[in-house]
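Engineer: Pasting in a structure now, in structure tokens, and then I'll have a few things to ask.
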Amino acid sequence: MKRKPVIAIDGPAGSGKSTIAKLVASSMGFHYIDTGAMYRAVTLKALRKGTDRKSEPALTELAGSTSIGFEYGDGLKVFVDGEDVTEAIRLPEVSKASSDIADSRGVRQALVRKQQDMGAAGGVIMDGRDIGSVVFPDAEVKLYLDATVEERAGRRHKELVAKGIKTDLSGVKRDIEERDARDRNRPFGALVKVKDAVTVDTTGLSIEQVAARITGIIKEKL
């Protein structure tokens, strides 16, 4: 039986990947796989266990033995070893430590295998940094979402303010620029735009406009 389509969405932080992927998946009947949440899940477990974040063997073993699942219904819920950690993985300390975890080659290899297993049957939309290049290089549709640094910083700043987190726009912009450099220079699973990906610049566009454009591209490709 032919595999159902896989939609790969890559792009830098704040480009709108997760928000758009969720909307499009819901409207088109696909399952949404939040790969960023998977890295956060491993980070949360590492913090709770006191795992040495500089120990590659320890991180690799932790990632490989961690069960990560998603529940679809009234919003997307994330589970680690059977526990609902949807809110816990968004805590500031998890966000801060997740970049170190994502830099681990062993962690990335372990999670890439899990992501490939989740999407093996197709019918999924998966977003991240290396979906079209590493996880599913044979995805039927590859998209690269982007936006100016100023636009992405503004979005992230609004999100933080809405959550009651005090921060300044210049600091958020600096953090995003540092994240961009780190993502693009990561030795394994770096952020890249593959040749057969369609680029969508989301600068100045509403969520609805981007979702409509992405849906149109997917339908045309399929």
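The values are calculated or read from the model by the stated rules, or taken from the named source; none is laboratory data. Bear in mind that the values here come from a model prediction, so they are computed numbers and not experimental data. No Cβ is skipped: glycine too gets one built from the backbone with ideal geometry, and neighbour counts run over all protein chains shown.
Engineer: Read through the list (1) out of contact with any helix residue (DSSP H, G or I) (no Cβ under 7 Å at 6 or more places or on another chain); (2) at pLDDT below 90; (3) not aliphatic (A, V, I, L, M), then give the number of the only condition that Gly189 fails.
Structural biologist: The one condition Gly189 does not meet is (1).
Engineer: Suppose the filter is assigned to a helix (DSSP H, G or I) and either in contact with a Ser or Thr (Cβ under 6 Å, 6 or more places away or on another chain) or more than 25 Å from Arg186 (Cβ to Cβ) (or both); does Ala25 pass it?
Structural biologist: So Ala25 passes the test.
Engineer: Please pick out the residue among Thr199, Thr215 that is surrounded by fewer than 16 Cβ atoms within 10 Å (Cβ to Cβ), outside the structural domain of Gly16 (by TED's automatic domain parsing), of a type outside the set (Phe, Trp, Tyr) and not in a loop (DSSP other than H, G, I, E, B).
Structural biologist: None of the other options fit; the residue is Thr215.
Engineer: Listed residues Asp146, Asp52, Asp74, Asp81; which is modelled with pLDDT of 95 or more and surrounded by fewer than 15 Cβ atoms within 10 Å (Cβ to Cβ)?
Structural biologist: Only one candidate passes the filter, namely Asp81.
Engineer: Checking the conditions here, which among Ser99, Ser67 is over 21 Å from Glu178 (Cβ atoms), small (Gly, Ala, Ser), surrounded by fewer than 19 Cβ atoms within 10 Å (Cβ to Cβ) and outside the structural domain of Leu23 (by TED's automatic domain parsing)?
Structural biologist: Ser67
Engineer: Give me the residue from segment 1-39 that is among the charged types (D, E, K, R) and in contact with a Leu (Cβ under 9 Å, 6 or more places away or on another chain) and, out of that set, surrounded by the fewest Cβ atoms within 10 Å (Cβ to Cβ).
Structural biologist: Lys22
Engineer: For segment 151-187, what are the residues that are acidic (Asp, Glu), under 25 Å from Ile131 (Cβ atoms) and without any contact (Cβ under 8 Å) to a residue 40 or more places away in the chain?
Structural biologist: Glu159, Asp175, Glu177, Glu178
Engineer: Also: Filter segment 170-188 down to the residues that are part of a helix (DSSP H, G or I) and touching an Asp or Glu at 6+ places or on another chain (Cβ under 9 Å), then identify the one that is nearest to Gly123 (Cα to Cα).
Structural biologist: Step by step, filter segment 170-188, then rank; the result is Arg182.
Engineer: Pairs only if they're at least six apart or on different chains, beta carbon under 7 angstrom, first in segment 188-208 and more than 15 Å from Pro12 (Cβ to Cβ), second surrounded by fewer than 15 Cβ atoms within 10 Å (Cβ to Cβ) and basic (Lys, Arg); list them, first residue then second.
Structural biologist: Phe188/Arg105
Engineer: Still on this structure: Which condition does Ala181 not pass, out of (1) under 29 Å from Arg105 (Cβ atoms); (2) among the aliphatic types (A, V, I, L, M); (3) touching a helix residue (DSSP H, G or I) at 6+ places or on another chain (Cβ under 9 Å); (4) at pLDDT below 95, if it passes all the others?
Structural biologist: The number of the failed condition is (3).
Engineer: Let me ask something else. Mind listing just one residue for me: the one in segment 119-138 that is of a type in the set (Gly, Ala, Ser) and out of contact with any helix residue (DSSP H, G or I) (no Cβ under 6 Å at 6 or more places or on another chain) and, of those, farthest from Ser26 (Cα to Cα)?
Structural biologist: Ser133
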